[in-house]
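Here is the structure we will look at, set down as structure tokens.
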Amino acid sequence: MKKLIFALLLFACGAASGRGSGPVFTPADSPEIRFTGRAAKGPGGALSFDWSGSHFTFRFEGTRCAMRAADTGRNYYNVFVDGRHTGVAATSGADSTVVLAEGLERGPHTILVQKRTEGEQGRTTLRGVETDGALLPLPAPRTRHIEFIGDSHTCGYGTEGKSVQEPFTPETENCDLAWGCVIARYFDAEYTLIAHSGQGIVRNWGDEKEVSDCTMRERMLRTFDMDPAPRWDFRGCTPDIVVIKLGSNDFSTDVTPSEQAFNASYAQALDQLRAAYGQVPVLCVAPSDNLVILRYLENFLRERQDAHLHLTAMLPGITDWDRDMGANYHPNHRGHRKMAMAVIPYIATITGWEMLDRNVE
């Protein structure tokens, strides 16, 4: 009888901890999973999303974890275990189970999964996570939040490329190495990236028209980067500061937007942000490849007379064309760190956040 009772106790403990009873599935919308970014909720608590940098985190007691997901294309994800980058996972096609980590030392672990590719690569639907042990309560969320609105530089296009001659591939796109995520890490801030390669504020790369039909001024209102519907409701999380870096693609080829067209589109974007977030500080960053944009923005700020609107610039020469470049003439991590360092002091001044003695990485 004593042996039977002991065996029953062992079985009960194993069932409670998730051992020996198969993987434990937790839906994506559960409170034990914290999702950051824009997403639409679907049946069974699934979350669908496509913006670069969308990420989720959870804690569990065990040695193995995976995500159940589907994808309309093929997307790549950074996986961090206990704060350390451990690899890259991929989602594609119909529902599948994608292993995030295995062979871990048994105990509590924190997992963060970050979408490193942009919306053009497809929309992911996260069903939930599988673990070989129970999920644990999450720590308190970060108290700071930065929203970045931008183009390929914010997406991290080509950051892992080895030279400017190397063509772009989705495998070398990694938003975590780009200037926005670098800045967020420096300030220990949460972040959202509203960014799409080739987009401008008034004109997209290579467009024959002065004013493109759809630029970031329209995309910034969307739940999904690649779909005009549904519109994002802007409820729930108001960032401490919005940082906009656009303009490179507006002046990319032969057609040059006039100051009137450029500033009118910028005004529309700012009005949309004011309607969504009120008087949140907005920092406009002029890109380094065209000083005309800086002049346009200087005049724009004078005209707006908005005490919560700010301007800085990445001046020509901030990066070189050798060691600072990745694929297809886009900055690598070294170049993005330099870009981030040019903006960090302005964010610190605007928000009042301290500049700490830490690496920009």
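With the Cα gyration tensor of the stretch 148-213 in hand, convert its eigenvalues to equivalent ellipsoid semi-axes via √(5λ) and list them largest first in whole Å. List each step's numbers first, then the result.
On the way: eigenvalues 108, 66, 11 Å².
One finds semi-axes of 23, 18, 7 Å for the stretch 148-213.
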Listed residue (Pro167, Thr349, Val81) projecting farthest to the positive dipole end of the chain, Cβ model: Val81
Unsatisfied cross-links (Cα-Cα over 30 Å) in the set Lys209/Lys338; Lys41/Lys338; Lys41/Lys209; Lys115/Lys209; Lys115/Lys338: Lys209/Lys338; Lys41/Lys338; Lys41/Lys209; Lys115/Lys209
Restricting to Cα pairs below 8 Å that are 6+ residues apart, what does the relative contact order work out to for the stretch 197-355? Please round to a whole percent. 19 percent
For q = 0.12, 0.16 Å⁻¹, what log10 I(q)/I(0) does the stretch 62-125 give under the Debye formula with an equal point scatterer on each alpha carbon and no solvent? -0.30, -0.51
To the nearest 10 Å², what's Ser212's accessible area with a 1.4 Å probe? 0 Å²
Among Asp306, Asp50, Asp240, whose mean-square fluctuation peaks in a Gaussian network model of the chain (Cα, cutoff 10 Å)? Asp306
Under the Kirkwood approximation applied to all pairs of distinct alpha-carbon atoms, what is the hydrodynamic radius of the chain in Å? 21.6 Å
Please list the radius of gyration and Dmax for the stretch 243-286, considering alpha-carbon atoms only, with Å as the unit. 11.9, 37
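Using the crude model of +1 on Lys and Arg Cβ and -1 on Asp and Glu Cβ, and no other charge, please compute the dipole size for the chain relative to its Cα centre, in debye to 20. Don't jump to the answer; show the numbers that get you there.
Values: 37 positive and 45 negative charges, 281 e Å.
That gives a dipole near 1340 debye.
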Loop only per DSSP, at most 14 neighbouring Cβ atoms within 10 Å: give me the chymotrypsin sites (Phe, Trp or Tyr not before Pro) in the stretch 299-361, ordered by residue number. Trp321
Taking N as the number of residues in the stretch 33-180, what is its alpha-carbon radius of gyration divided by 2.2 N^0.38 Å? 1.04
With all protein chains in place and a 1.4 Å probe, His330 shows an accessible area in Å² (nearest 10) of 30 Å²
Just want to confirm a number: the relative contact order over the chain, from Cα pairs under 8 angstrom separated by 6+ residues, in percent. 16 percent
Using only C-alpha atoms and all pairs of different ones, pull out the Kirkwood radius for the stretch 212-361 in Å with one decimal. 17.0 Å
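Could you work out the relative contact order of the stretch 213-269? I mean the mean sequence separation of Cα pairs under 8 Å and 6+ apart, divided by the number of residues, in percent.
On the way: 21 pairs, mean separation 15.8, N = 57.
Relative contact order for the stretch 213-269 comes out at 28 percent.
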Accessible area (Å², 1.4 Å probe, nearest 10) - Phe35: 50 Å²
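Counting only protein chains, not ligands or nucleic acids, how are Glu130, Glu160 ordered by accessible area (probe 1.4 Å), most first? Please list the in-between numbers first.
On the way: Glu130 20, Glu160 65 Å².
Ranked from most to least accessible, the order is Glu160, Glu130.
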Taking the stretch 162-279, the equivalent ellipsoid from its C-alpha gyration tensor has semi-axes in Å, biggest first, of 23, 22, 14
Using a 1.4 angstrom probe with every protein chain in place, what is the largest-first accessible-area order of Asp188, Asp320? Asp188, Asp320
Dipole magnitude of the stretch 212-264, debye to nearest 20 (Cβ charges: Lys/Arg +1, Asp/Glu -1, about Cα centre): 220 debye
Using a Gaussian network model of the chain whose springs link C-alpha atoms within less than 10 Å, name the residue from Glu190, Glu105, Glu218 with the highest mean-square fluctuation. Glu105
Helix-only [θ]222 nm of the chain, DSSP H runs n ≥ 4, -39500 (n - 2.57) each, per residue, nearest 500: -7000 deg cm²/dmol
Among Pro108, Asn204, Leu301, whose Cα sits farthest toward the positive end of the charge dipole of the chain (+1 at Cβ of Lys/Arg, -1 at Cβ of Asp/Glu, about the Cα centre)? Pro108
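The values are calculated or read from the model by the stated rules, or taken from the named source; none is laboratory data. Please read all numbers here as calculations on a predicted model, not as lab measurements. Don't worry about glycine lacking a Cβ; one is built from the backbone with ideal geometry, like all the others, and counts go over all protein chains shown. Ligands, DNA and RNA are stripped out before the accessible areas are found, and what is left, the full protein with its side chains, is counted by its heavy atoms. Shrake-Rupley method; radii C 1.70, N 1.55, O 1.52, S 1.80 Å.
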